[in-house]
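The values are calculated or read from the model by the stated rules, or taken from the named source; none is laboratory data. This structure is a prediction, so every number in the text was calculated from the model and none was measured. As a convention, Cβ positions derive from the backbone with ideal geometry for all residues, glycine included, and neighbour counts pool all protein chains shown. For the accessible areas, the whole protein counts, side chains as well, though only heavy atoms, and no ligand, DNA or RNA atoms are used. Shrake-Rupley method; radii C 1.70, N 1.55, O 1.52, S 1.80 Å.
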Amino acid sequence: MPTALSEQTAKGSISRRFNLSLLAVYLLSILVCAPSIYIYTRQTVYAQANTQLGLMVDMVKAIKDYIAKDMRPFFVKEGLFHSAGISGIVAVSRVAQNFKELQANYSIRNVSDNPLNPANKPEPLENDLLLRFRANKTLTELKVDGIIEGQRMLVRTSPIVSAKGCLNCHGDPKTTPEQITKEYGTHSGYHYREGDIVGLDLVGVPMADVDAIALQRSATAVGLLTILFGAIFITINLLVRGYLISPILRITTTAQAIAKGSLDQPLVIQRNDEIGDLARSVELLRRSFAQLMKRMKKGPG
């Protein structure tokens with residue numbers, strides 16, 4: 001039977017080294033995997049938001065083009081007035097209201113610090129963006145990550161520049177169509193000047209909590225790695241104990257017995273590898289000593 005000291009020595013020299021090596025690989029995998037997943041997740045979330053943002057911007061542009069090319073010429077030709085049929089901005093606002101009922105987390109807004117409709121007043125982030133466009137009139141578009149309508153969004157915005165046709169509804173309230181003044185009054189949304197930046201076209205798509213998602217996925221990956229390495233750890237320990245430690249302990253016990261003169265217990269390990277060769281060598285040594293001891297007991301003769 002293996003002694004406690006020999007078993008402890010064998011475990012310390014072989015099993016412990018395997019365990020420490022496996023632990024080092026596990027820690028290295030986590031150090032590499034967790035930050036990589038975190039970075040990849042952030043990039044993925046932003047890429048998805050950018051894709052959605054591009055689709056939303058194209059939709060808004062398509063609505064405005066439709067009003068400009070199809071609806072407005074008809075109303076002008078017929079001498080009719082309908083704000084949503086003449087103004088692309090009004091049409092987009094009406095579509096945005098309906099869209100909001102279907103997709104509450106998305107935002108399509110036309111904002112101005114001098115709006116006809118009080119609902120179009122800018123929020124703090126929107127006001128900052130408006131000031132940036134006015135400070136640098138070469139800017140044609142901005143994309144930022146911020147809070148709009150109480151939630152974090154990836155926002156794409158461009159300035160609304162007052163054109164000559166805009167003055168029909170936003171010039172002097174005295175000459176503005178009665179439908180406009182009747183609906184919105186005469187206190188806000190007027191006295192625009194051609195070429196002024198009067199507001200923003202803005203589209204926002206919801207940004208999930210990127211950090212939370214990234215940390216959650218990283219934690220999941222670490223958990224899976226822990227389970228995987230735990231299974232490997234147990235398997236390797238069983239294999240090491242069965243294929244290395246136990247045979248070595250048997251060989252060691254036999255060698256210790258030979259050293260003490262106990263030659264009666266044969267060593268049988270049926271393996272065709274280095275441990276098998278070592279076991280056969282020790283067994284051959286035991287037999288040789290046993291035969292020598294028998295001859296010595298018989299004496300010369």
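Worth pointing out:
- Within region 195-213, the set of residues being in contact with a strand residue (DSSP E or B) (Cβ under 9 Å, 6 or more places away or on another chain) and open to solvent by 50 Å² or more (accessible area, probe 1.4 Å) comprises Asp209 only.
- Scanning region 76-119 for residues that are small (Gly, Ala, Ser), in contact (Cβ under 8 Å) with a residue 24 or more places away in the chain and assigned to a loop (DSSP other than H, G, I, E, B) yields a count of 2.
- Flag if Gln216 is at pLDDT 80 or above, open to solvent by 60 Å² or more (accessible area, probe 1.4 Å), part of a helix (DSSP H, G or I) and over 30 Å from Val144 (Cα atoms): no
- Flag if Ala231 is under 30 Å from Tyr26 (Cβ atoms), at pLDDT 80 or above and assigned to a helix (DSSP H, G or I): yes
- Of the residues screened, Lys174 is one that is more than 15 Å from Asp113 (Cα to Cα), in a loop (DSSP other than H, G, I, E, B), out of contact with any Cys (no Cβ under 8 Å at 6 or more places or on another chain) and not polar (S, T, N, Q).
- Ala84 fulfils the conditions (1) open to solvent by less than 40 Å² (accessible area, probe 1.4 Å); (2) of a type in the set (A, V, I, L, M, F, W, C); (3) under 33 Å from the mean Cα position of the chain (by Cα) except for a single criterion, (3).
- The listed residues are Pro159, Pro122, Pro73, and the only one of them that is part of a loop (DSSP other than H, G, I, E, B) and open to solvent by less than 70 Å² (accessible area, probe 1.4 Å) turns out to be Pro122.
- Residue selected from region 125-139 under the condition in contact (Cβ under 8 Å) with a residue 60 or more places away in the chain and either under 10 Å from Leu200 (Cβ atoms) or in a helix (DSSP H, G or I) (or both), by the criterion most open to solvent (accessible area, probe 1.4 Å): Arg134
- For first residues located in region 275-288 and under 10 Å from Ile251 (Cα atoms), partners that are small (Gly, Ala, Ser) and lie 6+ apart or on another chain with Cβ distances below 6 Å form the pairs Val282/Ala255.
- Selection status of Ile37, closer than 25 Å to Ser112 by Cβ and open to solvent by less than 70 Å² (accessible area, probe 1.4 Å): no
- Boolean, Gly242 is among the small types (Gly, Ala, Ser), exposed (fewer than 15 other Cβ atoms within 10 Å of the Cβ), farther than 26 Å from Gln48 by Cα and at pLDDT below 85: yes
- Count of region 245-269 residues which are surrounded by fewer than 18 Cβ atoms within 10 Å (Cβ to Cβ) and over 28 Å from Asn19 (Cβ atoms): 9
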